[in-house]
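Data block below; observations after.
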Amino acid sequence: MTKAIISLRLTDTDNLGRIIKYDFEESVKDSDSIRVLALRKIQSTKEVAEKKMGYESINEATPLHLSLVPFSSESKHGSDGHSTFGIKYGLNLDGGIKILDGYMPLSYDWTFREVSELVEDGYVKGSAYHVYVRVPDGLGALGGDTFDLIGFLDSSLSLGMLGYRGMIRVWQFRRYRGLRKLVHNWKEKNGVRYPYQLREFLDEKGEWRLSEVKKRLALNEEYAVKLLAALGYEPVKDSWRLTQSKQSIKHRSNWMKNEKRYSKLAQEAQK
């Protein structure tokens, strides 16, 4: 059982808008909850808790923005494993990736071991030993889920198989058989609702072993190959990489065009 010392930095602003920082060091075990640890520190720092929402109202349901990089360094474009609301990945018990969409990072309960594995495997930048914390203000409502992920995958994965030994014919023959189950499992277990989530997750690393993609996204070999190929990844020795070949560029371009097309359809469906 690992024991480690991590540093927590609570960030707040005073009445003049100036940033106030509170630094703590804590001993943690692999199974310890980073979220619970941060909440306890906020509760113990009475002046922060009182200013935010009243000392007594800080509880286990309080939304927390947790980051492994300073808030000013967080990317909004998926290049460092963080979203607008903090770390955007978790891990299921079976090793599958959990993509945290929308406000989900604000309530997710990471263990120290989980955060360490996300960093070690290259999905999240930063250090599990340095955690930045703040209580977010002014959260609004998020839009509904109208994206046709099945239709998108049917179109994009078919395009991704062009040039791969005629497998496109097999795919077309049974295109919906399995897609519905895949999309259902992705939504329920992995938090995947939109194609940009898949693209951003795979782009966190420049190189993937097929076995890792299968494990993290709960895919069989056929679907893992289709997904990587559709995003422009190509097999190079024992791994898959995003290359600059004509086929790679064409597949990535087709994926991006499909993303825009289906996003537009989803927006029109919400009107």
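The values are calculated or read from the model by the stated rules, or taken from the named source; none is laboratory data. As the structure is a prediction and not an experimental result, all values here were calculated from the model. Glycine gets a Cβ as well: all are built from the backbone with ideal geometry, and neighbour counts include every protein chain shown. SASA here: full protein model, heavy atoms, side chains in, ligands and nucleic acids out. Shrake-Rupley method; radii C 1.70, N 1.55, O 1.52, S 1.80 Å.
Normalised per residue, the accessible area of the stretch 192-271 is 53 Å², obtained with a 1.4 Å probe and no contribution from ligands, DNA or RNA. Compute the whole-percent fraction of alpha carbon pairs in the stretch 215-261 spaced more than 18 Å apart. Result for the distance tail: 32 percent. FRET efficiency for the pair Ser27 and Glu207, taken as 1/(1 + (r/R0)^6) with r the Cβ-Cβ distance and R0 = 30 Å, rounds to 0.30. Using heavy atoms of the protein chains and a probe of 1.4 Å, the accessible area assigned to Glu204 is about 20 Å². By definition, a body whose alpha carbon gyration tensor gives a ≥ b ≥ c is oblate when a/c is 1.5 or more and a/b is not larger than b/c, and the stretch 189-271 fits this oblate description. Cross-link pairs exceeding 23 Å in C-alpha to C-alpha distance, out of Lys3/Lys125; Lys41/Lys189; Lys98/Lys125, comprise Lys41/Lys189.
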